Amino acid sequence: MPCSLSVKFGQLHISSDLSCMGSGTLKGSRSSAKLHKMLNPQRSLSELPKMSAASQVERAVLEEEFNWLLKEEVHAVLKQLQDVLKEASRRFSMPTPGLESQLKQENFILGSSTMDQVKGVLTLQGEALTQADINLKVAKSSQVLHFQFREDKQWKLQQIQDARNHVNQALQLLNSRDESYHFKTGAEVNKLMDAVMLQLTRARNRLTTPASMTLPELATSGLMKMFTPPMPGDVMVNFYINLSKLCLTVYQLHVLPPNTTKNFKPAGSSVMHNPGAMFELNNNRFEVSHVHKVECVVPWLNDSLVFFTISLQLCQQLKDKISVFSSFWNYRPF
């Protein structure tokens, strides 16, 4: 049974047919029946003359429908893709130089259902964290440490910046083939769809796959120099995007004594390190004693992920329609 996905965002209404495209949705069901008949011949040698004439007629009909697909439906899908990706791009919109204050600032409260050692409020403006206000309850003493960004500092979230760039590259690919352009082959359409899908997959992956970092990389990151008062040497923080969530991880450390008999094994690269992970920096050895993760949902990141999914489906459906014809062109019964 076919199913459909219908999504509304503001004035944009996208209805995406999710039925199995192997049968093709090509100007009615008659083409599918013809293809099935031609691709599954059960005819004797005495029928060859009639079959040849019938095949020529069927081929002419399919060529007409294929030309209609290249001329009309391909551009209709490209227009739909442009509309969806313009909405996605608008979610990542950047301000005009000199007008940064016009970009909406959003405040998000960080929290966790399982712990209250870390609390805070983050201010997000496009791809930049413009303010972070963090309270950390120290595990041993119950002392509360308070940190916030210096007024002259902002932290760029590279994941959001990269995702936006990939969306814009996908739009540029689509804009390079306006309605006056005539696609001559199915391979040409597939090549465009593959290029667009590559950019959309990269955009989605940037939001769903945070970068792995080593503990020394975190310790020497520019992020550690953004706070006032300065972060103490036994605390490290990291911000990243995971799907539609903005995450903050706080690491509390303790220094390993130089003469310790504890087996020292430096930790590798990871999105999030566990208690017990060790590293060496400036001839000192450290061990992670506590890890705290808090997060908040950013609604427009969730919207963007939905737009990426719809766009990838539209691209794949068009490729599937092209493949229905290709299976016929490549079949030679005689």
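The values are calculated or read from the model by the stated rules, or taken from the named source; none is laboratory data. All values derive from a computational prediction rather than experimental measurement. When we count neighbours, we look across all protein chains shown, and the Cβ atoms used for this are built from the backbone with ideal geometry, even at glycine. Each accessible area value is taken on the protein alone, full model and side chains, heavy atoms only, with ligands, DNA and RNA left out. Shrake-Rupley method; radii C 1.70, N 1.55, O 1.52, S 1.80 Å.
For the reader, a short list of remarks on this structure follows.
- Pick from region 278-334, criterion polar (S, T, N, Q), surrounded by fewer than 21 Cβ atoms within 10 Å (Cβ to Cβ) and part of a helix (DSSP H, G or I), ranking: modelled with the lowest pLDDT: 327
- In region 34-47 there is no residue matching the filter, namely being closer than 24 Å to residue 187 by Cα, modelled with pLDDT of 70 or more and either surrounded by 11 or more Cβ atoms within 10 Å (Cβ to Cβ) or not acidic (Asp, Glu) (or both).
- Among the residues examined, residue 179 does not qualify as part of a helix (DSSP H, G or I), modelled with pLDDT under 95 and acidic (Asp, Glu).
Table: residues versus (1) modelled with pLDDT of 90 or more; (2) open to solvent by 20 Å² or more (accessible area, probe 1.4 Å); (3) within 30 Å of residue 180 (Cβ to Cβ); (4) within 19 Å of the chain's Cα centre (by Cα).
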site: 88; (1), (2), (3), (4): yes, no, yes, yes
site: 92; (1), (2), (3), (4): no, no, yes, yes
site: 98; (1), (2), (3), (4): no, yes, no, no
site: 112; (1), (2), (3), (4): no, yes, no, no
site: 134; (1), (2), (3), (4): yes, no, no, no
site: 140; (1), (2), (3), (4): no, yes, no, no
site: 147; (1), (2), (3), (4): yes, no, no, no
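- The lone criterion from (1) open to solvent by 40 Å² or more (accessible area, probe 1.4 Å); (2) touching a residue at least 12 places away in the same chain (Cβ under 8 Å) left unmet by residue 176 is number (2).
- Candidates 170, 195, 187, filtered to the one that is within 15 Å of residue 311 (Cβ to Cβ), small (Gly, Ala, Ser) and open to solvent by 20 Å² or more (accessible area, probe 1.4 Å): 195
- Odd one out for residue 76 among (1) modelled with pLDDT of 75 or more; (2) under 30 Å from residue 188 (Cβ atoms); (3) of a type in the set (A, V, I, L, M, F, W, C); (4) crowded, with 18+ Cβ neighbours inside 10 Å: (4)
- Close Cβ contacts (under 6 Å, 6 or more residues apart or on different chains) running from residues in region 207-226 that are closer than 30 Å to residue 88 by Cα to residues that are in a loop (DSSP other than H, G, I, E, B) and open to solvent by less than 50 Å² (accessible area, probe 1.4 Å) comprise 210/271; 212/271.
- Region 131-157, residues that are over 24 Å from residue 241 (Cβ atoms) and either touching a helix residue (DSSP H, G or I) at 6+ places or on another chain (Cβ under 7 Å) or not in a loop (DSSP other than H, G, I, E, B) (or both): 137, 144, 145, 146
- Only a single criterion out of (1) open to solvent by 60 Å² or more (accessible area, probe 1.4 Å); (2) closer than 18 Å to residue 208 by Cα; (3) of a type in the set (S, T, N, Q) is not satisfied by residue 238, namely (1).
- Given (1) in a helix (DSSP H, G or I); (2) at pLDDT 90 or above, index of the condition residue 187 fails: (2)
- Residue count for region 260-276 satisfying the condition of being hydrophobic (A, V, I, L, M, F, W, C) and more than 19 Å from residue 239 (Cα to Cα): 2.
- Residues of region 253-277 that are over 18 Å from residue 220 (Cβ atoms) and part of a strand (DSSP E or B): 254 alone.
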